[in-house]
Amino acid sequence: MSAMSAGAPRPLPSSGQKSIQDICHPLSAEESALNPGSAADKDLSLPNGTPVDTSSPASSSSLLNRLQLDDDLDGETRDLFVTVDDPKKHVSTMETYITYRVCTKTTRTEFDLPEYSVRRRYQDFDWLRNKLEESQPTHLIPPLPEKFVMKGVVDRFSEEFVETRRKALDKFLKRVADHPVLSFNEHFNAFLSAKDLNKRQGLALLTKMGESVKYVTGGYKLRARPVEFAAMGDYLDMFTQKLGTIDRIAQRIIKEQSEFLMELREYGPVYSSWSSFEEDLHDPLEGVSGCVSNCSSALEELTEDMSEDFLPVLREYVLYIESMKNVLKKRDQVQAEYETKLEAVVFREDKKTPMPVDVEKCQDRVECFNADLKADWDRWENNKRQDFRQLLTGMADKNIQYYEKCLAAWESLIPLLQDKQEAKGETN
């Protein structure tokens with residue numbers, strides 16, 4: 001929620017289905033909210049699976065339009081597009097919660113229909129991520145936004161919070177849909193298409209790899225990580241430190257901007273009230289009051305952008321780093337198990353006995369982990385490069401707009417002062 005918001009939070013708007021023509025690229029230059037229509041959905045409580053159209057994103061800012069971002073994941077052909085939009089608040093005697101519409105368009109034969117529209121709440125997204133971690137343990141699973149918020153500090157039903165979460169959930173599904181392995185996961189298929197998710201049985205679709213890694217214990221000690229994976233761990237530690245420093249300073253800047261904005265809101269009206277007592281200076285004083293007011297509005301927009309667009313990206317990547325570290329730990333456990341079993345074979349007395357099957361399976365798991373982790377690391381690096389180029393470009397664009405508005409406001413005051421000086425010279 002924006003640091004500039006004051007008073008009671010704005011309620012969620014009424015929303016419904018709105019037909020559109022295009023679907024945004026999974027890594028489009030700007031994650032924008034889809035504007036829902038005015039008609040209410042016929043069923044607000046249960047997903048209905050009815051095919052619907054989705055909506056195209058709002059246009060990018062001027063600077064983003066001028067910058068061509070060409071890291072399009074090596075030109076892969078996409079046949080699955082997913083969007084999250086239309087948040088709705090549900091109130092019952094037992095609980096209050098938000099659901100989101102998940103729209104899917106696909107040409108894949110694994111789906112029975114080309115289009116789906118279902119409603120999901122946060123716990124459904126959490127269910128999906130847990131299932132992906134269980135069934136695809138060798139892959140990096142994108143993070144979800146944090147579930148818990150501090151009561152009394154953030155209203156989780158406010159429009160600002162719900163929209164921030166919607167953007168994060170939309171990005172989560174887009175990242176999964178863009179992944180060459182995760183996007184074919186049976187649980188993901190069920191999440192996108194099933195009218196009701198049976199989370200009790202969990203579809204029982206754990207792969208053999210998932211079962212084998214799931215029961216690896218921490219009893220094996222890794223001698224040393226291979227150099228390339230050690231470098232990954234070192235980079236993640238450094239990246240975490242940098243993001244933490246930037247996040248801490250950015251929050252301090254937002255706090256100081258908020259305090260400065262409060263001062264400006266008191267500062268401008270002083271000139272306006274003063275003008276009523278100064279006939280000769282009335283217009284210039286009113287001009288100064290207007291300038292301060294315009295600068296206040298520009299500063300508020302800049303601060304809201306930092307709170308709602310800049311900080312969420314930093315926090316997403318902090319969670320992403322934790323996910324990557326977890327995959328590295330799993331890889332280390334499998335390698336440690338393989339090294340221990342291999343060492344036992346090397347030092348056995350009977351040298352002619354063929355390699356035990358369980359050792360060969362351990363070796364296969366290590367190779368599988370290494371290959372999948374390297375591929376996901378490259379994909380993550382590519383996503384990171386795009387996301388931060390877009391983030392920093394947006395930051396530059398917002399700051400340019402802020403200073404342009406302030407400059408225009410103060411330049412508009414110059415003619416008022418010049419006119420007053422000329423009029424005084426003619427009188428003399």
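Laid out as a table, the results:
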item: Accessible area per residue in Å² at 1.4 Å probe, computed on the range 236-427; result: 57
item: Computed P(r) (all Cα pairs; the range 236-427; 10 Å bins; percent); result: 8, 21, 18, 14, 12, 9, 7, 5, 4, 2, 1, 0
item: In Å², nearest 10: area of Trp410 left accessible to a 1.4 Å probe; result: 110
item: Segments 318-325, 279-286, 160-167 sorted - mean Cβ within 10 Å per residue, highest first; result: 160-167, 318-325, 279-286
item: Computed lengthening from Leu392 to Leu264, 0.36 nm per intervening residue step minus Cα-Cα distance; result: 43.3 nm
item: Entries of Lys131/Lys171; Lys195/Lys330; Lys167/Lys330; Lys147/Lys171; Lys131/Lys341; Lys384/Lys405 with Cα pairs more than 25 Å apart; result: Lys195/Lys330; Lys167/Lys330; Lys131/Lys341; Lys384/Lys405
item: The range 236-427, relative contact order [Cα under 8 Å, separation at least 6], %; result: 31
item: C-alpha center-to-center spacing [the range 359-394, the range 257-305] in angstrom; result: 51
item: Difference of contour (0.36 nm per residue) and Cα-Cα distance, Arg121 to Glu95; result: 8.1 nm
item: Projected label distance in nm at Ser273 and Trp410, using a 7 Å step from Cα toward the beta-carbon; result: 2.5
item: Charge dipole (debye, nearest 20) of the range 236-427; +1 at Cβ of Lys and Arg, -1 at Cβ of Asp and Glu; result: 1440
item: Accessible area of the range 236-427 belonging to carbon and sulfur atoms, whole % at 1.4 Å probe; result: 56
item: Tyr116 accessible area, assembled protein chains, probe 1.4 Å, Å²; result: 10
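The values are calculated or read from the model by the stated rules, or taken from the named source; none is laboratory data. Remember, it's a predicted structure, so these values are computed and weren't measured experimentally. Backbone-built Cβ (ideal geometry, glycine too); neighbour counts: all protein chains shown. All accessible areas refer to the heavy atoms of the entire protein, side chains included, with ligands and DNA or RNA removed. Shrake-Rupley method; radii C 1.70, N 1.55, O 1.52, S 1.80 Å.
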